[in-house]
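Colleague: After the structure tokens below, expect a handful of questions from me.
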Amino acid sequence: MRNTARWATTIALTATAVCGPLTGAALAAPATTAPASLYAPSALVLTIAHGDSSATAAPQRAVTLTCAPTASGTHPAAALACSELRGVGGDLDALAARDDVLCTREYDPVVVTVDGVWQGRRVSYERTFANDCVKTSYGSSVFSF
């Protein structure tokens, strides 16, 4: 009986020594939630349609563009498009036409819409270009899809 009591005491002390700090730390640690990401979200949906406004024209193509933490999405030139957007601080109106592109004066309107989030703030953009060539001349890749 004496050995049984000694073994029981040894096992109890060992269990307390091994498991005690684990349960104490788990109980003492405050419940905190870590942020899902270190980056503000930047995810956009871009569409192209032929017509004067997005209200009257059906989208012909749509792509997704995610720029944080890395460039991705279905946009064919996601890395370049993200770089251009970062260069203008996400301001789509600040994208300027390139000087090396010559376009005809034909009027075949193309409407581009951009909806989503850029660095944590809501974006809703619509612009009608005179034709596809003029649209492609704004920035080298943002509207090229």
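Quick note: the coordinates plus some simple rules give every number you see, no bench work behind them. What you see is a predicted model; the values in this text were computed from it and never measured. Neighbour counts run over all protein chains shown; Cβ positions are idealised from the backbone, glycine included.
Colleague: Using per-residue counts of other Cβ atoms within 10 Å, averaged over each peptide, order 55-64, 106-115 from highest down.
Modeller: Details: 55-64: 12.5, 106-115: 16.5.
Per-residue mean Cβ counts within 10 Å order the peptides as 106-115, 55-64.
Colleague: Then there's this: Quickly rank 91-104, 124-137 as a protection proxy: mean count of other C-beta atoms within 10 Å, highest first. Intermediate values should be presented prior to the final figure.
Modeller: On the way: 91-104: 11.6, 124-137: 16.8.
By packing density, highest mean first, the sequence is 124-137, 91-104.
Colleague: Would you please give the residues with an amide H less than 5 Å from that of Thr66, counting only those at least 5 places away or on a separate chain, with H modeled from the backbone geometry?
Modeller: Under 5 Å from the amide H of Thr66: Leu44, Ser72, Gly73.
Colleague: Further question on the same structure: Determine, from the Cβ-Cβ distance of Thr104 and Thr70 and an R0 of 41 Å, the FRET efficiency 1/(1 + (r/R0)^6), rounded to the nearest 0.05.
Modeller: Numbers: r = 38 Å, r/R0 = 0.92.
Computed FRET efficiency for Thr104 and Thr70 comes out at 0.65.
Colleague: For Thr128 and Ala43, FRET efficiency with R0 = 25 Å and r from the beta-carbon atoms, rounded to 0.05? List each step's numbers first, then the result.
Modeller: On the way: r = 24 Å, r/R0 = 0.96.
Here the calculated transfer efficiency is 0.55.
Colleague: With θ set to phi - 60°, apply the Karplus curve 6.51 cos²θ - 1.76 cosθ + 1.60 along the stretch 93-106 and write out the HN-Hα couplings as whole Hz, x wherever there is a Gly or Pro.
Modeller: After applying 6.51 cos²θ - 1.76 cosθ + 1.60, I find 5, 7, 5, 9, 6, 6, 7, 8, 10, 10, 10, 6, 9, 5 Hz.
Colleague: For the residue pair Ser83 and Ser53, what label-to-label distance in nm results when each label sits 7 Å from Cα along the Cα-to-beta-carbon direction?
Modeller: Between Ser83 and Ser53, the label points sit 3.7 nm apart.
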